[in-house]
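Everything below concerns the one structure shown next.
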Amino acid sequence: MESSTKVHFILIPLMAAGHLLPMVDLAKLLGRRNNVKVTIMTTPVNAVRVRANIDREVQCGSSITVQPYRFPGVEAGLPEGCESSEAVPSPELMYNFAKATTMLQKPVEEVLEKIFTPTIPTGFIVDKNLPHVSDVAKKFKVPIIISDALNCFSILCNHNLFHSKVYESASESESVVVPGLPHRIVFKKSQLQEYFSMDMGEFSALREKAWKNEGEAYGIIVNSVDELEEEYVKEYRRATGREVYCVGPVSLSNKDDKDKAQRGKLDSKAQEEGEYLKWLDSWPARSVIYGNIASLNNVPSGQIMELILGLEASKRPFIWVLRDAHKIEELNKLLKEDGVEERVKGRGLIIRGWVPQVLILSHTAIGAFLTHCGWNSILEAMCNGVPLITFPLNCEQFYNEKVVVQLLEVGVRLGVETATNFEAEDKSGIQVRREKVKEAIEKVMGKEDEESERIRERTRNYGEKANKALEKGGSSYRNLSQLIEDITQHFHAKG
Ligand SMILES: *[C@@H]1O[C@H](CO)[C@@H](O)[C@H](O)[C@H]1NC(C)=O
């Protein structure tokens, strides 16, 4: 009996690429296990994207279904069809997007009632940023696992800050020591996750709700690797009494180039990736710098120019991705006036479209990655032994910078001091000059310098550990097995 009983997980991701893609990767990893059935529930536009991504998986025998629910975007003041944070046309509308996520109970409930009565699922995996959806899941009285797109270090920083309130008495420019951590970790208040330094208005309630839900959940699932932050995993588990499952790096579920190329492809205008790869093939191993600071940002054009001119000054080959840069016309004008693109022709590539990042980072020609410090990007780089140059913008990216620079020492920081404002015109101005960029590149790519060699070696070592973690018998592989076992037992114990 037991072996033929399918364990059924319902996965409900946040509608933002940095959350959706890892959840799809997780669905693939779960679907490849014996007797596991997965349903991904998302909005219609995202359902189409997700289906394209898992089709091949289903052909290989996995039992993964995509189940759309209605998205109340228009009611929340968003344009028709705008169903993911990337599609939000202006920063002010991000609030409307957040609002829409608080209106999902009904649409989700309708679908759940229709398709899962009376065969209730075994467990839910819900994004932390959808606490209202967790409320719906609670009605089924099956375990809820909260999925947090952050690493344990960042989750623990937020957890300890939230509960200690040490940030409240500090001014913007003052330093805050995060209490209760295995290491001494200091941030400027302005570098903390924005809800500690900004008035979030009606959204502080959303935040509080998310924390409350996390505290009540069965456990959390994290796209990280036990070996990368063991002390923080343990401390988080101790501090919350929740089970923590580190199952990453989930992007390694994309085994071959076709998967890698497909991953994250969100629009049909996507550029032909073949030409970049051919270009990369023409460079020696570890010689090219890849620069990409995420599509959603408000970085001033002058600052982006400095980064590009720093790449030029390095005299090394580089790729810079401009996709959806803030004020793209202004930036294009600056680029034209300066003439940098002409000067670096053949050696420097400025790409104005989507790029298959996982495929680029896994190319042996890549020798360094200038990144905004999204955790997914960092993991992808480390898995390929690529050291990092950090340019954090906001959210938890300053925490990730600490992981890279202070805890793992797999990269160098450019020295960003202040977060880039999300909504309005950014006032942080130019924080990093081109000389600094050139210097940082030498620090991770220089051939003469012993410390550079150590950075590269550490990156390779951690990368190996991360890759091994997902193989059969590795820590992430076993954590995922444990999750399946725990949920199944819980279900039967209750039954
Ligand atoms: C995850 O893996 C680590 C390392 O093997 C282990 O110590 C930990 O107990 C595992 N966690 C769970 C929930 O199984």
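Tabulated data
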{"read-out": "Whether segment 115-234 is rounded, prolate or oblate, judged on the alpha carbon gyration tensor where a/c under 1.5 counts as rounded", "value": "oblate"}
{"read-out": "Nearest-ten-degree value, helix 152-164 long axis tilted from longest Cα axis of the chain", "value": "80"}
{"read-out": "Over the chain: helical MRE at 222 nm, DSSP H runs n ≥ 4 each giving -39500 (n - 2.57), nearest 500", "value": "-13000 deg cm²/dmol"}
{"read-out": "Spin-label pair Glu457/Val177, simplified geometry with 7 Å Cα→Cβ offset, distance in nm", "value": "3.3"}
{"read-out": "Footprinting exposure proxy for Met23, Met445, Met94, Met305 (fewest neighbouring C-beta atoms within 10 Å first)", "value": "Met94, Met305, Met445, Met23"}
{"read-out": "Point-to-point label distance, Glu485-Val48, nm (Cα→Cβ direction, 7 Å offset)", "value": "4.3"}
{"read-out": "Relative packing of 392-404, 131-143, which averages over residues the other C-beta atoms within 10 Å, highest first", "value": "392-404, 131-143"}
{"read-out": "Highest-first arrangement of 459-467, 179-187, 225-233, where packing means the average Cβ count within 10 Å", "value": "225-233, 459-467, 179-187"}
{"read-out": "Karplus-derived 3J(HN,Hα), 6.51/-1.76/1.60, for each residue of segment 204-219, Hz, glycine and proline x", "value": "5, 5, 4, 4, 4, 5, 4, 5, 4, 4, 4, x, 9, 6, 5, x"}
{"read-out": "Segment 381-391 - phi-based ³J(HN,Hα) in whole Hz, Karplus 6.51/-1.76/1.60, Gly and Pro as x", "value": "5, 4, 4, 9, x, 9, x, 10, 10, 9, 9"}
{"read-out": "Whole-Hz ³J(HN,Hα) from phi, Karplus 6.51 cos²θ - 1.76 cosθ + 1.60, for segment 64-75, glycine and proline x", "value": "10, 10, 10, 10, x, 10, 5, 9, x, x, 4, 4"}
{"read-out": "5 angstrom amide H check on Ile289, placed H, neighbours 5+ away", "value": "Phe318, Ile319, Gly367"}
{"read-out": "Built amide H within the under 5 Å cut-off of Ile351, gap 5+", "value": "Trp320, Val321, Leu322"}
{"read-out": "Distance (nanometres) between label positions extended 7 Å along Cα→Cβ at Lys472 and Lys212", "value": "4.6"}
{"read-out": "Average Cα contact separation per residue, segment 270-467, under 8 Å, 6 or more apart, as relative contact order %", "value": "25"}
{"read-out": "Residue-span extension gain [Glu92 to Glu342] - 0.36 nm each, minus C-alpha spacing", "value": "86.4 nm"}
{"read-out": "Full-extension gain in nm, Glu275 to Glu409, via 0.36 nm per residue minus C-alpha separation", "value": "44.9 nm"}
{"read-out": "Neighbour-count ranking [beta-carbon atoms within 10 angstrom, fewest first] of Phe153, Phe196", "value": "Phe196, Phe153"}
{"read-out": "By average C-beta atoms within 10 angstrom, highest first, the peptides 339-346, 205-212, 120-127", "value": "120-127, 205-212, 339-346"}
{"read-out": "Given Lys6/Lys234; Lys189/Lys468; Lys402/Lys443; Lys128/Lys234, the pairs whose alpha carbons are separated by over 27 Å", "value": "Lys6/Lys234; Lys189/Lys468"}
{"read-out": "Near-label residues of segment 123-162 by backbone N, under 15 Å of a point 7 Å along Cα→Cβ of Lys234", "value": "153"}
{"read-out": "Arg286-Val58 FRET efficiency (beta carbon distance; Förster radius 45 Å; 0.05 resolution)", "value": "0.75"}
{"read-out": "Segment 39-161 - Kirkwood radius from inverse mean 1/r over Cα pairs (Å)", "value": "16.1"}
{"read-out": "Helix 450-470 vs. the chain, principal-axis angle (Cα, 0 to 90°, nearest 10)", "value": "20"}
{"read-out": "R0 of 45 Å, Cβ-Cβ distance Ile115-Lys165: FRET efficiency to nearest 0.05", "value": "0.55"}
{"read-out": "Share, in percent, of DSSP beta bridges within the chain that are antiparallel, nearest 5", "value": "5"}
{"read-out": "Kirkwood Rh, Cα atoms: Rg over Rh of the chain", "value": "0.95"}
{"read-out": "Cut-off under 5 Å, modelled amide H: who pairs with Arg413 long-range", "value": "Thr390"}
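Here, each number is a calculation from the coordinates, and none is a lab measurement. Quantities reported herein were computed from a predicted structural model and do not represent experimental measurements. Glycine gets a Cβ as well: all are built from the backbone with ideal geometry, and neighbour counts include every protein chain shown.
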